[in-house]
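To keep things clear, I will list the structure first and then write my remarks on it.
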Amino acid sequence: MLEQALGGAADVRVLETCQREGLALVTLDLGFANIQRYPPARHPGIMVLRLGTQAHGAVAGALTSALQMLEREALVGRLWIVEVGRIRIHE
């Protein structure tokens, strides 16, 4: 989101930008996992990395798992919670 200059922006603004531009959101911000506040069906897709660390290796491993899952499952209209060793999908 560098082009949109959304670093430090409010969560609602970030998600509105993703909706407007048809982009899925991939984030380490656990606040986006709140399906009551951010109903998955209203968004192009939200992927929350819930890893306990933001170390490069952990993030890269989680994204690799998520990319493999994308070959079988859609992200659009869903919330994916990506954890070490598992991915939970909420509609």
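The values are calculated or read from the model by the stated rules, or taken from the named source; none is laboratory data. Predicted, not measured: the structure shown is a model, and the values here were computed from it. Please note: Cβ atoms are built from the backbone with ideal geometry, for glycine as well, and neighbour counts cover all protein chains shown.
Is the stretch 27-34 home to any residue that is more than 13 Å from the chain's Cα centre (by Cα), under 20 Å from residue 91 (Cα atoms) and not hydrophobic (A, V, I, L, M, F, W, C)? No, that holds for no residue.
Filtering the stretch 17-30 to residues that are exposed (fewer than 14 other Cβ atoms within 10 Å of the Cβ) and not in a loop (DSSP other than H, G, I, E, B) leaves 19, 20, 21, 30. With respect to (1) touching a Lys or Arg at 6+ places or on another chain (Cβ under 6 Å); (2) assigned to a loop (DSSP other than H, G, I, E, B), the lone exception for residue 81 is condition (2).
Yes/no per residue for (1) of a type in the set (Phe, Trp, Tyr); (2) without any contact (Cβ under 8 Å) to a residue 24 or more places away in the chain; (3) closer than 19 Å to residue 23 by Cβ:
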{"position": "39", "(1), (2), (3)": "no, yes, yes"}
{"position": "46", "(1), (2), (3)": "no, no, yes"}
{"position": "54", "(1), (2), (3)": "no, no, no"}
{"position": "76", "(1), (2), (3)": "no, no, yes"}
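Here 66, 74, 5 are screened, and the one residue that is modelled with pLDDT of 90 or more, part of a loop (DSSP other than H, G, I, E, B) and either in contact with a Lys or Arg (Cβ under 6 Å, 6 or more places away or on another chain) or not charged (D, E, K, R) (or both) is 74. Within the stretch 31-63, the residues that satisfy the criterion of being of a type outside the set (Gly, Ala, Ser), touching a strand residue (DSSP E or B) at 6+ places or on another chain (Cβ under 6 Å) and assigned to a helix (DSSP H, G or I) are 32, 40.
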